[in-house]
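Structure first, then comments.
The values are calculated or read from the model by the stated rules, or taken from the named source; none is laboratory data. In this text, all values refer to a predicted model and were calculated from it rather than measured experimentally. In this analysis, Cβ positions are derived from the backbone assuming ideal geometry, glycine residues included, and neighbour counts consider all displayed protein chains.
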Amino acid sequence: MTEATPIDETAAGFSERYGRAPVGVWSAPGRVNLIGEHTDYNDGFVFPFAIDQRAVVALGARDDRVVRVSSTFTPEAVEIHLDDLTPESLDGWSAYPLGVAWALGQFGADLSTVPGVDLHISSSVPVGAGLSSSAAIESSIALALDDHWNLGLDRPTLAKVGQLAENRVVGAPTGILDQSASLLSHADAAVFLDCRSLDAEVIPLGLVADGLSILVIDTNVTHAHATGGYAARRASCESGAKTLGVESLRDVHVGDLDRAATVLDEETFRRVRHIVSENQRVLDTVRTLREHGAGAIGPLLDASHVSMRDDFEITVPEIDLAVSTAQAHGAIGARMTGGGFGGSAIALVIDALVPVIEREVRAAFAEQGYRAPTTFVVRPSEGARRDA
Ligand code: ADP
Ligand code: MG
């Protein structure tokens, strides 16, 4: 007998809950940002890839206008009439999937005529590990509803739908990075995204051919001030752009930094320098990949980490230890990934060194008395798709 896939399991979970088979199954992945941190809301560049952990959603048709949603993540199922769908009517975990249903209406879908649906979700993306379990949910639901309701929205628009749900319904002021990665990625590639024009280009990583892996080190640390810290960094960036007289920090270049230092206060200058240098590092990473392959991007990953640690100040001691230990034991490059104040680091590693680095990081954490990290390899994978 072959093993049940997450697709079969989610379909079976749907049948168990709703007493009939789903009409289809869709999935969308979480993501890792290879480089380009906090640049998205500064109209800059990011370079994420989708991972092989995915949210899977089974969808069943209904004759009425009711939407029901359940998830293996929680015993709490939610039911709402499509006429009652407003940002204010949604809270808790269902703000993600039902927020997407509402947001589709904001991008041209006529929700007054579509039929209701039953939805059942199961996801292998760990929550709160900096791998965007939220975008995986949003993107899988967006694609499923777009298909089922024949809306014909393209993927960049579906990414905006997920972002709007997160901004307006969940209330998290996040950029377009996560949803774009989840919807636009291809296997063994990353998405070079210009967050101003929203132009996206899929760039092959060639990790398989080069015998390289990306190891995630989840510190299992989430700091209470993560949300406040994120908002404070956004505010610094906005104030820096205002003082420099530009629309956003995207318009400031490395060569402008000397002048910026003379007009900004010391802290704002360091925040600005992170964004400006990080944008340049994303461009350099894409060029280096094309010219020399993934084995050559290590110094850019390392420099990104130093910038997040010293200039943007969004790392924590556990993350810094994960990065320095990986670097000390042969990683090609390593950096924190995600919004910061906890979460995960990534290390680009020769396949054979993965177990060595996992062991050394675990030992270093134990020595410091830190909670044990969770480590796993992620494979750059295909974006959202219909599975059944
Ligand atoms: P992350 O960094 O993982 O995206 P967020 O705080 O942005 O963290 O999103 C996590 C939230 O997304 C969870 O608290 C929950 O509300 C929702 N979520 C994630 N995975 C699931 C799931 N499998 N089922 C239901 N909701 C989920
Ligand atoms: Mg999230």
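Couple of notes before you dig in:
- Subset of segment 52-83 (residues that are within 16 Å of ligand 2 (Cβ to nearest atom), closer than 23 Å to Ala200 by Cα and either out of contact with any Ser or Thr (no Cβ under 6 Å at 6 or more places or on another chain) or not hydrophobic (A, V, I, L, M, F, W, C) (or both)): Gln53, Arg54
- Within segment 320-345, residues that are assigned to a loop (DSSP other than H, G, I, E, B) reach partners that are hydrophobic (A, V, I, L, M, F, W, C) and within 13 Å of ligand 1 (Cβ to nearest atom) with beta carbons closer than 6 Å, at six or more positions or on different chains, in the pairs Phe341/Ala226.
- Of residues in segment 135-194 being among the β-branched types (Val, Ile, Thr) and within 16 Å of ligand 2 (Cβ to nearest atom), the one nearest to Asp210 (Cα to Cα): Ile176
- The condition of being without any contact (Cβ under 8 Å) to a residue 12 or more places away in the chain, outside the structural domain of Leu289 (by TED's automatic domain parsing) and either among the small types (Gly, Ala, Ser) or in contact with an Asp or Glu (Cβ under 8 Å, 6 or more places away or on another chain) (or both) holds for only one of Gly162, Gly152, that being Gly152.
To keep it simple, each residue is scored yes or no on (1) touching a strand residue (DSSP E or B) at 6+ places or on another chain (Cβ under 9 Å); (2) within 16 Å of ligand 1 (Cβ to nearest atom); (3) in a helix (DSSP H, G or I).
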position	(1), (2), (3)
Trp93	yes, yes, yes
Ala103	no, yes, yes
Thr113	no, no, no
Val125	yes, yes, no
Leu131	yes, yes, no
Ala135	yes, yes, yes
Lys160	no, no, yes
Leu164	no, yes, yes
Ala172	no, yes, no
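- Filter result (touching a residue at least 12 places away in the same chain (Cβ under 8 Å), surrounded by fewer than 18 Cβ atoms within 10 Å (Cβ to Cβ) and part of a helix (DSSP H, G or I)) within segment 211-228: Thr227
- Top-ranked residue in segment 186-210 [being outside any strand (DSSP E or B) and without any contact (Cβ under 8 Å) to a residue 40 or more places away in the chain; ranked as nearest to Ile319 (Cα to Cα)]: Val208
- Test result for Gly152, modelled with pLDDT under 95, away from ligand 1 (no atom under 15 Å from the Cβ), out of contact with any strand residue (DSSP E or B) (no Cβ under 8 Å at 6 or more places or on another chain) and farther than 24 Å from Pro380 by Cα: no
- Selected residue (criterion: surrounded by the fewest Cβ atoms within 10 Å (Cβ to Cβ)) from residues of segment 344-382 that are polar (S, T, N, Q) and in contact with a Ser or Thr (Cβ under 8 Å, 6 or more places away or on another chain): Ser381
- The residue of segment 114-134 that is surrounded by the fewest Cβ atoms within 10 Å (Cβ to Cβ), among those that are of a type in the set (S, T, N, Q) and near ligand 2 (Cβ under 10 Å from one of its atoms), is Ser133.
- Screening Val377 against (1) hydrophobic (A, V, I, L, M, F, W, C); (2) in a loop (DSSP other than H, G, I, E, B); (3) within 17 Å of the chain's Cα centre (by Cα) leaves a single unmet condition, (2).
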